[in-house]
1. Restricting attention to segment 100-110, and to residues there that are within 18 Å of the chain's Cα centre (by Cα) and assigned to a helix (DSSP H, G or I), which single residue is surrounded by the most Cβ atoms within 10 Å (Cβ to Cβ)?
2. Could you run through segment 65-85 and say how many residues are free of Cβ contacts under 8 Å to residues at least 24 places away in the same chain and more than 10 Å from the ligand (Cβ to nearest atom)?
3. Is it the case that segment 47-62 has a residue that's within 16 Å of the ligand (Cβ to nearest atom) and in the same structural domain as Val116 (by TED's automatic domain parsing)?
Amino acid sequence: MQDLRLFSKLQRLLLIDARRPEDKWLAPDEKAKRQAIKQALRQAKQERFRATLPLSPELLETMFDFVDQQLAQNECDNTFKYLLHFLSEHQIEANPVVHWLENLGGYCDCEILANVEARFLEDFPTPTL
Ligand SMILES: [Zn+2]
């Protein structure tokens with residue numbers, strides 16, 4: 001009886017688990033399994049974020065750098081002044097980019113850097129240029 005043998009084997013395993021529950025958490029394969037799950041979740045999150053990008057990561061990085069350089073010399077006037085300057089210079093339609101930025105809490109040039117660039121760097125930590 002294959003099933004019975006399997007059943008008693010499972011029962012033994014369950015008993016071992018019940019007697020020494022801490023072993024379950026310390027088992028190296030369990031640790032590896034959890035790490036793999038974490039890694040997969042991270043990757044899925046990154047892919048979801050990547051799919052929302054209105055421009056290529058390289059162009060977004062150039063955009064953040066441009067706004068950053070402008071705000072190093074000028075105050076933010078609570079508008080998208082430098083962002084819009086950048087977009088028109090690159091002949092990029094503003095609406096999808098602005099919509100994406102606002103979704104991530106960027107409602108003016110300085111918030112782009114504070115909120116959106118910070119979020120962007122979580123998934124694109126190394127310079128892509
Ligand atoms: Zn601002």
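1. Start the filter on segment 100-110 by keeping residues that are within 18 Å of the chain's Cα centre (by Cα), which leaves 100-106.
Within this subset, residues satisfying the condition of being assigned to a helix (DSSP H, G or I) are 100-103.
Working: Trp100: 16, Leu101: 23, Glu102: 16, Asn103: 10.
It comes out as Leu101.
2. Qualifying residue count, segment 65-85: 8.
3. No: zero hits.
The values are calculated or read from the model by the stated rules, or taken from the named source; none is laboratory data. Predicted model, so just to flag it, every value in this text is computed and none were measured. Using ideal geometry, Cβ is built from the backbone for each residue, glycine included, and neighbour counts are taken over all protein chains shown.
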